[in-house]
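Novice: Before I ask anything, here is the structure I am working with.
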Amino acid sequence: QRILRLAEMCRRLETEEEKVLPFYPSSLVEGEQRDARRVLEEMPVEPLAQAVWDYVGLERFWQRFSKAKLEEQALERERAALSQRNRRLRELLRQYLAGISVSQEVLEEPNPL
């Protein structure tokens, strides 16, 4: 019941795209997809593979989890790039303002213009 409640809460937070297109297109070519299907249809013999087989229903969850992690990393990189750009623009603005204003501090430094 707890898992179902959590799933309902998560469903409300999904984007429209995720609700309409819940399955992600595969990056495998046709031959690789056939091989993957064949392997998935076989019953596993190793203990670890059997344990993983019990959780094959969570594949969609892991797809979404991976997508969320990738988006998080992309946003973090974008934030870092924007932060760097912001610092550079602030430095350029400071140089410009120092070049057009006259003060004792500005007179002591080399003129940036």
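The values are calculated or read from the model by the stated rules, or taken from the named source; none is laboratory data. Not measured: the values here are computed from a predicted model. Cβ sites come from the backbone with ideal geometry, for glycine too, and all protein chains shown count toward neighbours. Calculation scope for accessible area: heavy atoms of the full protein, side chains included, ligands and nucleic acids excluded. Shrake-Rupley method; radii C 1.70, N 1.55, O 1.52, S 1.80 Å.
Novice: If you go through the range 81-98 one residue at a time, do you hit one that is in contact with a helix residue (DSSP H, G or I) (Cβ under 9 Å, 6 or more places away or on another chain), of a type outside the set (Val, Ile, Thr) and loosely packed, with under 10 Cβ neighbours inside 10 Å?
Specialist: The answer is no; no qualifying residue exists.
Novice: While we're on this one: What number of residues in the range 66-77 are closer than 15 Å to Thr15 by Cβ and open to solvent by less than 90 Å² (accessible area, probe 1.4 Å)?
Specialist: 2
Novice: Can you give me the number of residues within the range 35-58 that are more than 26 Å from Glu18 (Cα to Cα) and part of a helix (DSSP H, G or I)?
Specialist: 9
Novice: Moving on. Could you tell me whether the range 74-93 includes any residue that is modelled with pLDDT under 85, of a type outside the set (Phe, Trp, Tyr) and outside any loop (DSSP other than H, G, I, E, B)?
Specialist: No, the range 74-93 has no match at all.
Novice: Look at Phe61 and say whether it is at pLDDT below 80 and part of a loop (DSSP other than H, G, I, E, B).
Specialist: No.
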